[in-house]
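Below you'll find the structure, written out as structure tokens, and then a few comments.
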Amino acid sequence: MKGYWGIVALTAALAACGQTTDKLVLTGSSTMAPVIAEVAERYEAQTGVQVDVQSGGTGRGVSDVRQGLADIGMASRALHSDEGDLTSFTVAQDGIALIVHRDNPVSALSDDQVRAIYQGSTDNWRAVGGENRPITVVNKAEGRSTLELFLEYFQLENRNVQADVVIGENQQGIKVVAGDPAAIGYVSIGSAEYEAQAGTSIRLLPLGGVAARIETVNGKRYPLRRELNLVVKGEPADAARAFIDFAHSDAVADLYRDHYFVPAQR
Amino acid sequence: MTITLFLPSADRGLRWLLRLSALLSAASLGGIVLVLLWRTGPFLWSQGGAVFASGWHPGAGEYGMAAMIAGSLLVSLLALAMAAPVAVTLAAWLRYYAPAALRRPTLILVELMAGIPSVVYGLWGLLVLVPWINRWAPPGASWLAGSLVLALMILPLALLVTDTALRQLPPTWSRAGEALALSRFGVLRRVLLPGAAPSILSGVVLQFGRALGETMAVLMVCGNVVQWPHSVFDPVRTLTANIALEMAYATGEHRVALFVSGLMLISVTAVLLTLAWRLRGHQHAPQ
């Protein structure tokens, strides 16, 4: 009899759980998934609402939200004009900075010069006002959104990029450039600025006359940047609204900074 | 089979345990191959020989892996060519020439080296070796850098394997050699090393397999450009680095192509191990 009552109590408790606990499903951008997962963890600890974060790309986030498979989608870009049925909430900004070695005398490159360097038609720093050294072109591995954004901005095709080193993570890119006075690469602005301030021998190049800094990304002046958005269909339901507000709040701004993003201005 | 009837029960239990572990290891390897084949089958069917082309442009639907297969083999072969002679010479010196006081500390040091995680070697390669090569032949991240880091990684185990192989030789062999008034080097060259050769060889081949499978260290120092290298100073991409670099961000066909990279790696390793096994089978120790 004792065991029987135990089972009844357990079942009742489980049923109660199912009734009171909400569950949110988020899918989308692999750039955003790691940081949003940490936001979700903090949100769970505070509210008890279970949040499930799945990566799979911005495209999946948008289509899941449309089909109702996810409550909230993650999109690491602004919404397109044909996505008017969705509402987006920018939680952070991400910018991409061109970096060179600290000892490189070249202080700025035009967009055309960057394009020529990455296509291999300029292969010596002398041609752009630097020392007589062959340029080490550092490129990102295929499939990364940083690569796509970079190629799109400079209207390059990856097939035509003449890379000398292909890297994966931002940190690897920073170490490669810091170890090679002739290298040029591009990484997330947040991590580059942090490393440069911490004494790593890299320098961030301005783009289109705008300094590559977190402030200029924040003020939307720096050209090579993107928004990290949470998107919902129509107007958010209460549970989704509460999570979006939390993801927007100062309580999680440190998480975005930890992942080298710029928390959105509020 | 009749022997089993007379085994004590504990031994019978052990026997089943051993059979089970053997079955599990074989089944997991077979399972991995099956899953890879199952996931990649339709893709391989549609691509055909195109996976052996040189161009890797996932964005454009081109998945040629020849340059990366070559990259994997070249980096590992050069590493082996650098590490194996040093390992064998050093092991022979430690066992037959080095003073006893030097021998034990050296072996402990070597064992310590074998225990260092590969990512640490990779970090050292990225921060020290690559910038150093860069001064002589930019960009520095290259086939040579990858091979040097791998050579350092496989050297300790290759040395320990050689040491064990030499130790297991019958002591009568060297005594007989000395009795015949052969020099110490003569005994080593004519008797001991040939005698230990099969064990040394199989140990070295195992290290080759390890070099082929090494990922992080290689990814950090090789430059990862998909191309046929013209010299040891050119960057290359290995199959393992390809998987590690792109897996997290790959979707659809691109992801399947990375599974094919894995399948290629297993095939290359299997072919090499079979070759080495045959090679070893034809060697005979001097009697």
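A few notes on this one:
- Failed condition for residue B:214, given (1) more than 9 Å from chain A (Cβ to nearest Cβ); (2) free of Cβ contacts under 8 Å to residues at least 24 places away in the same chain: (2)
- The single condition among (1) touching a residue at least 40 places away in the same chain (Cβ under 8 Å); (2) at positive phi that residue A:129 does not meet is (1).
- In summary, helices (runs of 4 or more DSSP H) completely within the range B:134-203 and bearing 3 or more residues that are away from chain A (no Cβ under 14 Å) and closer than 30 Å to residue A:163 by Cα occur at B:143-167.
- Residue match in the range B:211-220 (condition: in a loop (DSSP other than H, G, I, E, B) and either surrounded by 24 or more Cβ atoms within 10 Å (Cβ to Cβ) or modelled with pLDDT under 85 (or both)): yes
- Search result, residues across the range A:184-198 that are within 14 Å of another protein chain (Cβ to nearest Cβ) and modelled with pLDDT of 90 or more: A:184, A:185
- Of all residues in the range A:127-147 being within 27 Å of residue A:28 (Cα to Cα) and out of contact with any strand residue (DSSP E or B) (no Cβ under 9 Å at 6 or more places or on another chain), the one that is farthest from the other protein chains (Cβ to nearest Cβ): A:144
- Members of the range A:31-76 found to be polar (S, T, N, Q) and in contact with a Gly (Cβ under 7 Å, 6 or more places away or on another chain), listed by number: A:58
- The requirement of being in the same structural domain as residue A:210 (by TED's automatic domain parsing) and over 30 Å from residue B:222 (Cβ atoms) is fulfilled nowhere in the range A:40-48; no residue meets it.
- The residues in the range A:152-183 that are facing chain B (nearest Cβ under 10 Å), of a type in the set (A, V, I, L, M) and farther than 18 Å from residue B:226 by Cα can be counted, and the count is 3.
- Every residue from the range A:176-200 that is hydroxyl-bearing (Ser, Thr, Tyr) and within 14 Å of residue B:127 (Cβ to Cβ): A:200
- Criterion applied to A:59, A:95, A:73 was being farther than 30 Å from residue A:138 by Cβ and small (Gly, Ala, Ser), and the one residue passing it is A:73.
- Matching residues, the range A:126-175, being basic (Lys, Arg), farther than 22 Å from residue A:107 by Cβ and in a helix (DSSP H, G or I): A:159, A:175
- If the condition is being out of contact with any Phe, Trp or Tyr (no Cβ under 8 Å at 6 or more places or on another chain), among the aliphatic types (A, V, I, L, M) and outside any loop (DSSP other than H, G, I, E, B), then the range A:96-125 contributes A:100, A:116, A:117.
- Any chance residue B:76 is closer than 30 Å to residue B:192 by Cβ and touching a residue at least 40 places away in the same chain (Cβ under 8 Å): yes
- Restricting the range A:47-74 to residues that are modelled with pLDDT of 90 or more and assigned to a strand (DSSP E or B) leaves a set whose member that is surrounded by the most Cβ atoms within 10 Å (Cβ to Cβ) is A:74.
- Being acidic (Asp, Glu), within 20 Å of residue A:264 (Cβ to Cβ) and at pLDDT 85 or above holds for only one residue in A:44, A:38, and it is A:38.
- Test: residue in the range B:35-47 that is more than 14 Å from chain A (Cβ to nearest Cβ) and of a type in the set (Gly, Ala, Ser): yes
- If the condition is being part of a helix (DSSP H, G or I) and either touching a residue at least 60 places away in the same chain (Cβ under 8 Å) or of a type in the set (A, V, I, L, M) (or both), then the range A:32-45 contributes A:33, A:34, A:35, A:36, A:37, A:38, A:39, A:40, A:42, A:43, A:45.
Table: residues versus (1) more than 20 Å from residue B:158 (Cα to Cα); (2) without any contact (Cβ under 8 Å) to a residue 40 or more places away in the chain; (3) among the hydrophobic types (A, V, I, L, M, F, W, C).
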| position | (1), (2), (3) |
| --- | --- |
| B:72 | no, no, no |
| B:82 | no, no, yes |
| B:87 | no, no, yes |
| B:93 | no, yes, yes |
| B:121 | no, no, no |
| B:127 | yes, yes, yes |
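- So residue A:239, is it touching a helix residue (DSSP H, G or I) at 6+ places or on another chain (Cβ under 6 Å) and more than 23 Å from residue A:150 (Cα to Cα): no
- Residue match in the range B:251-260 (condition: modelled with pLDDT of 90 or more and away from every other protein chain (no Cβ under 14 Å)): yes
- Some residue of the range A:233-253 being at pLDDT below 90 and closer than 26 Å to residue A:102 by Cβ: no
The values are calculated or read from the model by the stated rules, or taken from the named source; none is laboratory data. In this text the structure is predicted, and so the values were computed from the model without any measurement. A quick note on method: Cβ atoms are made from the backbone with ideal geometry, for glycine too, and the neighbour counts reach across all protein chains shown.
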